[in-house]
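Trainee: The structure's right below; bear with me while I get my questions together.
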Amino acid sequence: MTKASDPQAEILRLALHAAPSGIMVVGEGGEIVFANQTLADMFGHRLQELLGQPVEILLPEQHGAAHRRHVESYARHPEPRPMGAGKDFEAISKDGRRFPVEIGLRPAPTNAGRTVVATVIDISQRKAIEERLRKHEEQLEQLVAERTRELRQAQLEKERVLEHLIQAEKMTAIGTLVSGIGHEINNPLYVLSATAEALTEEEDLARCHAYGHEILKQARNIAETVKNLSRYAQPSARYDLQHVDVNASISGAVRLAKRSFRSDGIEIKATASPAPPILAKPEEIQQVVFNIIRNGIQAIGDKGLIEIRTGQEAGWVTVRIRDTGAGIPEEHLKQVFDPFFTTKGPHEGEGLGLYIVRQIVTQYGGMIDAENAVGGGAVFVIRFPLAGQRNAEGRHI
Amino acid sequence: MKHHVLVLDDEAEVRAAVRLQLKDTRFEILEAENAQQAIDLLADNAITVDVIICDVRMPGISGVEAVAYFQRKYPSTPVIVLTGFPDTALAVDFMKKKDVVDYLTKPVEKERLIAAVENAAKGRKLFE
């Protein structure tokens, strides 16, 4: 370049050379007619070396031919092509180092013919950052996938342990029940054996028949009790749902509770209102009521009352169970149904009783709430959907 | 003179079973399905009750309360507990207080029941 005597041109020249991007002007024949210092530095050439050279010296050899085609096609449709709009190119420096560049093109017709102004940016750093980001992203995704897998594993493990403990809790409850059931079995067993004793000594045929019938009846009583007990112990499966009369389940639970606990000072009063049937396993509904009664008896201590009322709300059968215990501290109201939440001593249960209650209730599309009664004590309100209604998940139950 | 055994149990079938087991003895059976009926029968001067057979778990006044009442009001009338709810702690409790002369669990065999009633009637207490 010749020294410009025009100060305006000199300023322009300085500005061009100081630009952060490489800038060159390519003549009609593909020769470099101008390059700024930035471009020369980028490619490791001296400025003077570049002028007049075919632009291909800036490209790796194998790209040369392709580039010439580009040039020709660009010459036919010269459109401004801003930075980033085209493909990234690979460029080559004087010492053979290859590096990625982004090129912007702008046709510039001059007196000397159609030239093109090319802006070149070395994007190796950007590429490196992009690559690093991509790797980071990959690592992150992998990490997330791993953590998700671990969490799922932990969740499965938790569910398995819980299932196990629920079964254990049921067995504990059965322990309590068994002593109660002892009565349910021993009474008919006594009647049965006393009748059998009489039968062995009886000569009157008609009386023998009557004794025989009595024995059969008592044997059936016992069988029914045993069947009920073994069904109670089974892990819950979603088959054999029946139309369940909630009032009957309540009576059953009350009877069991009265037999199971030494609680002579505690009255259990069930007021049954007619209630349409719900679809469930009867022994599970009985267990729900039994567990809440047990909870109430433990809350009451020596003397008190447990009141059970059935009712109906649009589409629901409701069961309200109230005890005259100390009630539930406000901060515990939300936790009472959580697994292992207990305020009892170490030998009074695992804290799964009410959790099981909620599991059963929600399994049938029902709801349960714990509240404190206005007159003191706790109230549990259970709502079961009527048989034939849809439950919350839209399943037909 | 008739000898009476008062059977207090909330289940009619159980009372009938006791009746069946004691049918060939010298005792006549009186039945009460709750403590109040038993109290009324005991208060009836026309009847002498020799032995009381009493259940433990009953609705209303429980067997434990009933036994305590009998012991207070009729200390010379022996009480046999007949329960379907074997409860060692309760049995020990009864023994210590000497409120009952025998503690039987259902199902009890005929011979055992007859022996218990005979012993009670003769004034032989098991826990002495």
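The values are calculated or read from the model by the stated rules, or taken from the named source; none is laboratory data. Source: prediction; values computed, not measured. Every residue, glycine among them, receives a Cβ derived from its backbone with ideal geometry; neighbour counts consider all protein chains shown. The accessibility values were calculated without ligands, DNA or RNA, using every heavy atom of the protein model including side chains. Shrake-Rupley method; radii C 1.70, N 1.55, O 1.52, S 1.80 Å.
Trainee: Is there a residue in segment A:41-48 that is open to solvent by 30 Å² or more (accessible area, probe 1.4 Å), in the same structural domain as A:Ile92 (by TED's automatic domain parsing) and at pLDDT below 90?
Mentor: Scanning segment A:41-48 turns up no residue that is open to solvent by 30 Å² or more (accessible area, probe 1.4 Å), in the same structural domain as A:Ile92 (by TED's automatic domain parsing) and at pLDDT below 90.
Trainee: Next up: Hey, could you check segment B:74-91 for residues that are within 14 Å of another protein chain (Cβ to nearest Cβ) and without any contact (Cβ under 8 Å) to a residue 12 or more places away in the chain and say which is most open to solvent (accessible area, probe 1.4 Å)?
Mentor: Across segment B:74-91, the extreme among qualifying residues is B:Thr88.
Trainee: Here's something else I'd like to know. Of the residues that make up segment A:323-330, is at least one within 28 Å of A:Leu162 (Cβ to Cβ) and part of a helix (DSSP H, G or I)?
Mentor: yes
Trainee: So how many residues does segment B:9-30 have that are in contact with a helix residue (DSSP H, G or I) (Cβ under 8 Å, 6 or more places away or on another chain) and away from every other protein chain (no Cβ under 14 Å)?
Mentor: Total meeting the criteria: 2.
Trainee: On to the next question. So for segment A:276-294 (the condition being in the same structural domain as A:Gln359 (by TED's automatic domain parsing), over 25 Å from A:Pro385 (Cα atoms) and among the aliphatic types (A, V, I, L, M)), does at least one residue qualify?
Mentor: No, segment A:276-294 contains no residue that is in the same structural domain as A:Gln359 (by TED's automatic domain parsing), over 25 Å from A:Pro385 (Cα atoms) and among the aliphatic types (A, V, I, L, M).
Trainee: Is it true that A:Ser124 is surrounded by 12 or more Cβ atoms within 10 Å (Cβ to Cβ) and polar (S, T, N, Q)?
Mentor: Here the answer is yes, as A:Ser124 does meet what is asked.
Trainee: Return yes when A:Ala112 is farther than 30 Å from A:His213 by Cβ, among the hydrophobic types (A, V, I, L, M, F, W, C), surrounded by fewer than 11 Cβ atoms within 10 Å (Cβ to Cβ) and outside the structural domain of A:Ala219 (by TED's automatic domain parsing) and no when it is not.
Mentor: So A:Ala112 passes the test.
Residues are listed down the side, and each one gets a yes or a no for (1) more than 20 Å from A:Gln359 (Cβ to Cβ); (2) surrounded by 19 or more Cβ atoms within 10 Å (Cβ to Cβ); (3) modelled with pLDDT under 85:
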residue	(1), (2), (3)
A:Ala219	yes, no, no
A:Ala223	yes, no, no
A:Ser230	yes, no, yes
A:Gln234	no, no, yes
A:Tyr239	no, no, yes
A:Asp245	yes, yes, no
A:Ile250	no, yes, no
A:Ala253	no, yes, no
A:Leu256	no, yes, yes
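Trainee: Which residues, taken from segment B:77-115, are under 10 Å from the mean Cα position of the chain (by Cα) and of a type in the set (A, V, I, L, M)?
Mentor: B:Val79, B:Ile80, B:Val81, B:Leu82, B:Val100, B:Val101, B:Leu104
Trainee: Still on this structure, please answer the following. Are any of the residues in segment B:61-73 touching a residue at least 24 places away in the same chain (Cβ under 8 Å), out of contact with any strand residue (DSSP E or B) (no Cβ under 6 Å at 6 or more places or on another chain), among the aromatic types (Phe, Trp, Tyr) and farther than 17 Å from B:Lys106 by Cβ?
Mentor: Yes, because at least one residue in segment B:61-73 is touching a residue at least 24 places away in the same chain (Cβ under 8 Å), out of contact with any strand residue (DSSP E or B) (no Cβ under 6 Å at 6 or more places or on another chain), among the aromatic types (Phe, Trp, Tyr) and farther than 17 Å from B:Lys106 by Cβ.
Trainee: Those residues that are over 21 Å from A:Ile185 (Cβ atoms) and without any contact (Cβ under 8 Å) to a residue 12 or more places away in the chain, I need them from segment A:241-273; list them, please.
Mentor: Of everything in segment A:241-273, just one residue is over 21 Å from A:Ile185 (Cβ atoms) and without any contact (Cβ under 8 Å) to a residue 12 or more places away in the chain, namely A:Asp264.
Trainee: Looking at segment B:38-70, which of its residues are buried (at least 16 other Cβ atoms within 10 Å of the Cβ) and more than 14 Å from every other protein chain (Cβ to nearest Cβ)?
Mentor: Passing the criteria: B:Ala38, B:Ile39, B:Leu41, B:Leu42, B:Val49, B:Asp50, B:Val51, B:Ile52, B:Cys54, B:Phe70.
Trainee: From the list A:Ser273, A:Ser251, exactly one residue is of a type outside the set (Phe, Trp, Tyr), more than 14 Å from chain B (Cβ to nearest Cβ) and either under 24 Å from B:Ser62 (Cα atoms) or over 38 Å from the mean Cα position of the chain (by Cα) (or both). Which is it?
Mentor: Criteria check complete, one pass: A:Ser273.
Trainee: Of the numbered conditions (1) within 60 Å of the chain's Cα centre (by Cα); (2) open to solvent by 70 Å² or more (accessible area, probe 1.4 Å); (3) modelled with pLDDT of 90 or more, A:Leu12 fails exactly one; give the number of that condition.
Mentor: So A:Leu12 meets the others, but not (1).
Trainee: State the number of residues belonging to segment A:288-318 that are among the aromatic types (Phe, Trp, Tyr) and open to solvent by 20 Å² or more (accessible area, probe 1.4 Å).
Mentor: 1
Trainee: Kindly indicate the residue of segment A:271-286 that is aliphatic (A, V, I, L, M) and either in contact with a His (Cβ under 9 Å, 6 or more places away or on another chain) or over 13 Å from A:Gly252 (Cβ atoms) (or both) and also surrounded by the fewest Cβ atoms within 10 Å (Cβ to Cβ) among those meeting that condition. Please lay out each step first, then the result.
Mentor: Our first condition is that a residue be aliphatic (A, V, I, L, M); within segment A:271-286, this holds for A:272, A:275, A:278-280, A:285.
If we keep only those that are either in contact with a His (Cβ under 9 Å, 6 or more places away or on another chain) or over 13 Å from A:Gly252 (Cβ atoms) (or both) as well, we get A:275, A:278-280.
Values: A:Ala275: 21, A:Ile278: 27, A:Leu279: 19, A:Ala280: 26.
Restricting to residues being aliphatic (A, V, I, L, M) and either in contact with a His (Cβ under 9 Å, 6 or more places away or on another chain) or over 13 Å from A:Gly252 (Cβ atoms) (or both), the top hit is A:Leu279.
Trainee: Let me ask you something else. If only one of A:His183, A:His213 is within 14 Å of chain B (Cβ to nearest Cβ) and modelled with pLDDT under 80, which one is it? Walk me through it before giving the result.
Mentor: Numbers: A:His213 fails: modelled with pLDDT under 80.
Step by step, each of A:His183, A:His213 is checked, and only A:His183 is within 14 Å of chain B (Cβ to nearest Cβ) and modelled with pLDDT under 80.
Trainee: Right, something else. Somewhere in segment A:68-89, is a residue of a type in the set (A, V, I, L, M, F, W, C), in a helix (DSSP H, G or I) and modelled with pLDDT under 85? Explain how you work it out, then say what you get.
Mentor: If we filter segment A:68-89 for residues that are of a type in the set (A, V, I, L, M, F, W, C), which is where we start, we get A:71, A:75, A:83, A:85, A:89.
Still in the running and in a helix (DSSP H, G or I): A:71, A:75.
Next, only the ones that are modelled with pLDDT under 85 stay: A:71, A:75.
Yes, segment A:68-89 contains a residue that is of a type in the set (A, V, I, L, M, F, W, C), in a helix (DSSP H, G or I) and modelled with pLDDT under 85.
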